[in-house]
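What follows is one structure encoded as structure tokens, with my remarks underneath.
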Amino acid sequence: PRVSIIGAGRVGSTLAQRIAEKNLADVVLLDIVPGMPQGLALDLMESRGIELHNRRIIGTNDYIDTAGSEIVVITAGLPRKPGMTRDDLLIINAKIVVEAAKNAIAHSPNAIFIVVTNPLDVMTYLVGQATGLTRPNQQGFVAKHRVMGMAGVLDSARFETFIALELGVLPADVKAMVLGSHGDLMVPLPRYANVNGVPITELLDAPTIERLVQRTRNGGAEIVELMQTGGAFFAPASAVSVMVESILLNQSRLLPVAAYLQGEYGLNDIVIGVPCRLGCGGIESVLELNLTNEEKAALRVSAQSVGLNIDRAQE
Ligand code: NAI
């Protein structure tokens, strides 16, 4: 299989490495900067003999080379600078992402799209519109299962990391899920978080859990402030690679994914993070959890802010 990554920056190039080294697919890295993706691809190709895989990595500035991709990942656009919110990136990244989506689907009409560019939920919505995947076709069929955004897997991994650090347990033993939009209004669900089945509410007191929730909400900004130039990319690339893997290997994993909703959770014509099964067709199903009234309200507030930004981006 072939995965094309639009935007060969830090997230894109690290993702190319993850996909090749996990032996998941051949990778096409596309960027607007001439020579840069070609150089990265050559560098990655030269590590194959040492890393012991035989995946091809192609660098390009031309969408023709992405033709026939099973998956297109969009990471093109600007990352945050210190003090910026994800929403500050809205207008400039909207233009980049819409153009990328149109070019990519023209060459890979059957591809599944995974959006990474921020502000994530809005960009995913725009990719759904630009590719036509969230609009009914002539037969009235909506291919919304083929467009999604990555945020929840990363936000959940951050929450799990902070829980593991607090308790001094193995990160792999901690499971948590974060829903909602990728931003300050994300919706971590401590009620569902556990260490090998033991709820964290039995292991940590409420103020400690609240502190870890707040650190999760601020997880991206914490790294932006430390690095000063750009944001996180190792864990984001890992998070996308898990989604790519679940799709390519048809694993049907249940992951938090930014999905186009039509009535689920009482939300309509919006993209927001919800639990989804990911398999070879993309989003196989959306799981509707029995949320408390408070959790439902938080999800609604999160969705409202995405809706406002969709309107702003389309003005
Ligand atoms: P980066 O600046 O390292 O890479 C972005 C790349 O996009 C650059 O190489 C740039 O040349 C390229 N680009 C710009 N316009 C383009 C166009 N029209 N066509 C093709 N390529 C184009 O940024 P980084 O750190 O890789 O982040 C990428 C995006 O992902 C940012 O918007 C960032 O906020 C977002 N992000 C989202 C996460 C999430 O959880 N959803 C996590 C981490 C980053």
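The values are calculated or read from the model by the stated rules, or taken from the named source; none is laboratory data. None of the values given here were measured: they were computed from a predicted structure. For neighbour counting, all protein chains shown are included, and Cβ atoms are generated from backbone atoms with ideal geometry for every residue, glycine included. The protein model used for the area step is the full one, side chains on, heavy atoms only, and it has no ligands, DNA or RNA in it. Shrake-Rupley method; radii C 1.70, N 1.55, O 1.52, S 1.80 Å.
Observations, loosely collected:
- Looking across region 10-31, the residues that are within 10 Å of the ligand (Cβ to nearest atom) and buried (at least 24 other Cβ atoms within 10 Å of the Cβ) come down to Val11, Gly12, Ser13, Leu15, Leu29, Leu30.
- Matching residues in region 59-93 - criterion: being at pLDDT 95 or above, of a type outside the set (Ser, Thr, Tyr) and surrounded by fewer than 20 Cβ atoms within 10 Å (Cβ to Cβ): Asn61, Asp62, Ile64, Asp65, Ala67, Gly68, Glu70
- Selection of region 124-137 for residues being part of a loop (DSSP other than H, G, I, E, B) and either within 14 Å of the chain's Cα centre (by Cα) or among the β-branched types (Val, Ile, Thr) (or both) yields only Thr134.
- Boolean, Arg211 is more than 16 Å from the chain's Cα centre (by Cα), away from the ligand (no atom under 11 Å from the Cβ) and not acidic (Asp, Glu): yes
- Subset of region 282-300 [surrounded by 13 or more Cβ atoms within 10 Å (Cβ to Cβ) and not in a strand (DSSP E or B)]: Leu289, Leu291, Glu295, Lys296, Ala298, Leu299, Arg300
- So Asp43, is it open to solvent by less than 30 Å² (accessible area, probe 1.4 Å), within 16 Å of the ligand (Cβ to nearest atom), of a type in the set (D, E, K, R) and modelled with pLDDT of 95 or more: no
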